[in-house]
Amino acid sequence: MPDPALLFIVFGIIILIISAIAGNMGLSVVNPVSGETVKAVSLLNGDGIRQIVTNILNNFAGFAPLPSVICIMMGIGVAEGSGLLTAVLHKTTSKLPKNLVVIVLIFIAINSNLASDSGFVVLPPIAAMIFLSRGKHPYIGIAAVFASVAAGFNANLFLCTGDVILAGMTESAAKIIEPNITINPAVNYYFMAASVIPLTLMGAWVTKKFIEPRFPNLDGIEVHKEQINELTEKEHKGLRNAGIATVVVIAIILIGIVPKNGVLRDPETGGIITSPLITGMVFFMTIIFLIPGIVYGKTVGSIKRDVDVVRLAADGISSVSGFIVLAFVASQFIAWFGWSNLGTIISIGGAEWLQSAGLTGIPLAIGIVILCMILDVFMGSQTAKWALVSTIFVPMLMLVDFHPAYTQILYRIGDSVANPISPLFTFFPLLVGYLKKYDKNAGMGTAISIMLPYSITFLITWLVMLIGWTLLNIPLGPGGPIWM
């Protein structure tokens with residue numbers, strides 16, 4: 001396939017043309033949230049062209065993953081350039097069986113949404129280095145962890161911010177039918193926590209069955225700079241000092257969250273889920289890499305002056321320079337798609353079609369999952385999609401005796417499994433950037449082809465769980481029954 005940047009340019013031109021056609025035809029739908037009529041907006045008129053030209057930089061600056069990627073990669077650049085990551089990976093993985101390494105990485109990746117979107121940025125480069133240290137192709141590690149973070153995004157052993165946000169929207173939609181109903185953030189906890197182990201095992205199976213045979217050796221990539229050798233005594237000392245630095249950093253963070261009035265807790269509720277600790281996770285992840293990286297570098301001699309720290313941080317950013325270019329082009333396309341209202345029209349139209357189809361029971365549940373997967377191609381934001389369609393799905397399924405907690409599960413499954421294969425997914429350009437680091441010819445086709453087996457397998461795994469859960473009538477979480 002063509003380079004992703006070119007594809008986004010082509011997609012953008014197509015959107016401009018379609019918006020003009022749809023706008024002139026007067027295409028519109030009624031927004032079920034506000035009751036207002038949503039009309040297609042042409043971007044090929046005076047107002048549209050002025051909007052495009054004057055917002056180019058705003059679109060780029062507002063591209064959500066960009067600041068997170070740049071910030072974290074500064075910390076990772078120091079930790080990697082100083083040699084810390086190489087030493088840690090050698091120390092922690094040299095004695096682990098190969099299959100166990102894959103399982104551990106996937107397990108961590110699935111649970112990484114506890115730290116918001118950091119898993120997309122932090123884990124793929126680390127996984128690539130682990131496999132390189134074992135003489136394996138880095139794509140194996142990148143594929144395993146990126147797919148697990150993206151396709152398993154809603155599974156977790158812990159409650160996280162997404163549970164709180166989605167539950168609030170679900171409750172608002174449910175009150176259309178039952179004004180006194182309450183939906184707590186843990187209504188899906190049993191199901192999502194139970195999903196972690198099956199998804200981990202199936203992710204490891206896909207990696208072993210489909211990805212490793214496809215990349216059996218290191219042909220076509222340069223790995224001499226990332227080979228991991230035996231640790232010296234000075235490197236062992238550096239690891240000890242870096243470990244002490246890490247403990248100190250974590251201790252400082254704990255001081256802010258352990259007391260009930262801790263500065264890193266939510267100032268109003270005293271909670272953790274919506275606290276500065278979670279919203280500032282990118283900063284804390286950067287510091288956890290940066291400080292130990294500096295300490296390790298000073299110990300082993302790879303960092304001698306402050307200028308070395310700046311240089312390594314800059315190297316970290318330069319390693320994702322391809323992503324920055326893609327982010328510029330992708331941010332324009334996503335903005336245009338939103339301004340045209342085509343995404344909203346497609347989403348509402350699809351939801352209304354499913355509502356009028358008359359499906360019931362498990363077939364209806366599977367249909368909702370599939371529709372949510374389709375919506376994920378057109379709208380990347382989890383919360384934006386749910387805010388839009390929850391007012392249709394939740395009341396509709398309540399009328400056929402499905403509890404809102406069940407409808408929320410259907411949405412979360414569909415929203416997760418399509419992430420790795422959607423070119424409009426916010427972090428998809430980052431995946432392509434990781435692949436290009438080792439092979440300049442890698443593009444969107446490469447990325448989709450290695451992600452597809454994970455999406456299909458995670459979908460099947462979750463649907464089997466869903467059907468079994470429904471037939472056995474197991475609660476989805478505290479206060480989260482299947483039936484009304």
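Coordinate-derived values only; no laboratory data. For clarity, every value in this text was computed on a predicted model and none was experimentally measured. Glycine gets a Cβ as well: all are built from the backbone with ideal geometry, and neighbour counts include every protein chain shown.
In the chain, once you exclude exposed GluC sites (Glu not before Pro) (DSSP loop, at most 16 other Cβ within 10 angstrom), what's the longest stretch remaining?
Answer from the scan: 269-484.
Given the -39500 (n - 2.57) contribution per DSSP H run of 4+ residues, what per-residue ellipticity at 222 nm results for the chain, rounded to the nearest 500 deg cm²/dmol?
Calculated at 222 nm, the ellipticity per residue is -22500 deg cm²/dmol.
So if each residue of separation counts as 0.36 nm, and I subtract the Cα-Cα distance between Phe283 and Ile244, what length gain in nm does that give?
12.1 nm
Considering the range 302-378, what Rg and Dmax in Å follow from its alpha-carbon atoms?
Reported Rg and Dmax, both Å: 22.4, 70.
Using only the alpha-carbon atoms, what does the range 201-310 span along each of its principal axes? Please give whole angstrom values in decreasing order.
Principal extents (Cα only, largest first): 55, 43, 25 Å.
Just one of [x] 22, 54, 23, 1; [y] 20, 48, 27, 5, 0; [z] 24, 50, 22, 4, 0 is P(r) over Cα pairs in 20 Å bins from 0, in percent as worked out from the coordinates here. Which one is it?
So the structure-derived entry is [x].
Once fully extended, how much extra length lies between Lys175 and Leu201, figured as 0.36 nm per residue of separation less the alpha-carbon to alpha-carbon distance?
5.5 nm
Be a star and scan the range 182-224 for residues whose amide nitrogen sits under 20 Å from the point 7 Å along the Cα-to-Cβ vector of Leu471.
191-192, 194-195, 198-199
Starting from the coordinates of the alpha-carbon atoms of the range 135-222, obtain the Kirkwood hydrodynamic radius over all distinct pairs and give the value in Å to one decimal.
The Cα-based Kirkwood calculation yields 15.6 Å.
Using DSSP loop states and a limit of at most 12 other Cβ atoms within 10 Å to flag trypsin sites (Lys or Arg not before Pro), what is the longest stretch of the chain containing no flagged site?
Longest site-free region, per DSSP loop and neighbour criteria: 96-259.
For Cys160, Cys372, Cys71, which order do you get if you count the other beta carbons within 10 Å of each Cβ and list the fewest first?
The most exposed by this proxy come first: Cys71, Cys160, Cys372.
If you take the Cα atoms of the range 410-457, find Rg, then find the Kirkwood Rh from the mean of 1/r over all pairs, what is Rg/Rh?
Ratio value, two decimals: 1.02.
Taking Cα atoms, how many degrees apart are the long axis of helix 233-257 and the longest axis of the chain, rounded to 10 and kept between 0 and 90?
40
What whole number of Å gives the distance from the Cα centroid of the range 417-484 to the Cα centroid of the range 179-208?
13
Evaluate E = 1/(1 + (r/R0)^6) for Val400 and Leu6, where r is the Cβ-Cβ distance and R0 equals 56 Å; express this FRET efficiency to the nearest 0.05.
For R0 = 56 Å, the calculated efficiency reads 0.75.
Exceeding 27 Å between C-alpha atoms, which entries from my cross-link table qualify? They are Lys208/Lys440; Lys237/Lys436; Lys209/Lys436; Lys209/Lys385; Lys208/Lys437.
Check vs 27 Å cut-off fails for Lys237/Lys436; Lys209/Lys385.
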